[in-house]
Amino acid sequence: MTQAGVSAPGRARIAEKTLRTDNWWRSPLITGSVLVFFIVYATVRIFMNKWYWSDQNHYLTPIYSPCVNESCVPGSSHLGHWFGSWPVFIPIALITFVVLAGFRGTCYYYRKAGYRSLFMAPAACAVPEPHKKYTGESKFPLVLLNLHRYFFYGAILFGLLNVWDGIQAFRGEDGGFGFGLGTVIIWVNLVMLWFYTLSCHACRHIVGGKLKHFSKHPLRYRYWNFVSKLNVNHGRYAMTSLITVIVTDAYIMAVSAGWFADLRFVN
Ligand code: FES
């Protein structure tokens, strides 16, 4: 087997692990900690199968949206029931989880973050990686990362469903207009989710790719410019929206479980 990385023939033999003297490990450590926390949190939440809907305030957590299973608690199925009841060991949020985990898991930013923070491949520039072999993303399972653009279509659909949930959150206790702190949290999360989704690299390619002349497609050029501006901050939106999803879910869980009441501004 041909040696790769720092062991490749022709590379200078240096005893030190890296010649970098700055805090290169800080960024992957912080990113990795957030990712691990989210993975553990999402896994626990998905298998809880409860505290995802506040009937009093009409809040549905994005992790369980859309709730289209007959096992969903009354009121939470805005879009009706697409499936019968599932056995208790199957998460109600299974479909949402597959689409959203697929979208984030194949995202170019999270790939970079995962390679650096979790697999140390490599952890930073000019820092050697522990792996001896490099096969890129050409083999199973990493070749599945190429499905990203299809998960993007799913994320757009689920993003629209989240907007519908956000509109429901403007209902008061008597069914009329009302909103509370939960509504504000839900909408901040929605804005961050849409920034993250629309700044996607696949989105940029879909709106502006495969063209020879932008001058002949002024509208697509406009979209491409818009997405390109968002795309510059894609990594920031990826991490911020991850945190807002957790905050939104945790808040709705707390209100739904009765740990504290929603702070109401109207009604
Ligand atoms: Fe990150 Fe598409 S590249 S969501």
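For the reader, a short list of remarks on this structure follows.
- Taking amide H as placed 1.01 Å from N in the peptide plane, the amide H of TYR59 sits under 5 Å from that of SER54, each at least 5 places away or on another chain.
- Computed from the Cα positions only, the extents of the range 149-232 along the three principal axes stand at 56, 23, 21 Å, in decreasing order.
- Approximating the spin labels as points 7 Å out from Cα along Cα→Cβ, the LEU160-to-ARG222 distance works out to 2.1 nm.
- Stretch gain in nm, segment TRP259-LEU181, where the contour uses 0.36 nm per residue and the Cα spacing is subtracted: 26.6 nm
- Computed from the C-beta positions of ASN23 and TYR134 and an R0 of 25 Å, the FRET efficiency is 0.40 to the nearest 0.05.
- For the range 202-231, backbone nitrogen atoms closer than 16 Å to the point 7 Å from ARG111 Cα along Cα-to-C-beta are found at 202-206.
- Each of VAL247 and PHE214 was given a label point 7 Å from its Cα along the Cα-to-Cβ line. The distance between the two points is 3.4 nm.
- Magnitude of the charge dipole for the range 3-111, about its Cα centre and with charges confined to Cβ atoms of Lys, Arg (+1) and Asp, Glu (-1), is about 620 debye.
- Here, the range 94-135 has an Rg and a Dmax of 13.0, 40 Å when only alpha carbons are counted.
- Of the chymotrypsin sites (Phe, Trp or Tyr not before Pro) found in the range 135-182, none is in coil by DSSP with at most 15 other Cβ atoms within 10 Å of its Cβ.
- Distance in nm between pseudo-label sites at VAL40 and TYR150 (7 Å out along the Cβ direction from Cα): 3.3 nm
- Annotation: peptides 134-147, 18-31, 102-115, ranked by per-residue average of other Cβ atoms within 10 Å with the highest first, follow the order 102-115, 18-31, 134-147.
- Surface composition of the range 141-234: carbon plus sulfur atoms contribute 69% of the solvent-accessible area (1.4 Å probe, protein chains only, all chains present).
- Calculated FRET efficiency for the pair SER85/ASN233, C-beta based, R₀ 41 Å, to 0.05: 0.45
- Mean projected area of the Cα convex hull of the chain, taken over all directions, amounts to 19.7 nm².
- Computed over the chain, relative contact order equals 24 percent, with contacts defined as Cα pairs under 8 Å that lie 6+ residues apart.
- Spatially close Lys pairs in the range 24-266, defined by Cα atoms under 29 Å apart and a spacing of eight or more places or different chains, total 9.
- Using alpha-carbon coordinates, inclination of helix 148-168 to the longest axis of the chain, degrees: 30 degrees
- Nearest 10 degrees, 0 to 90: helix 108-117 Cα axis against the chain principal axis: 60 degrees
- Orphan Cys of the chain, criterion: no other Cys C-beta under 4.7 Å: CYS107, CYS125
- Relative contact order %, the range 65-213, counting alpha carbon pairs below 8 Å whose residues are six or more apart: 19 percent
- Charge-dipole axis of the chain as Lys and Arg at +1 and Asp and Glu at -1 on Cβ define it, positive-most pick from ALA155, ILE246, THR106: THR106
The values are calculated or read from the model by the stated rules, or taken from the named source; none is laboratory data. Worth saying up front: this structure is predicted, and the values here are computed from it rather than measured. Positions of Cβ are backbone-derived with ideal geometry, glycine not excepted, and every protein chain shown enters the neighbour counts. Just the protein is used for accessible areas: all its heavy atoms, side chains included, with ligands, DNA and RNA removed. Shrake-Rupley method; radii C 1.70, N 1.55, O 1.52, S 1.80 Å.
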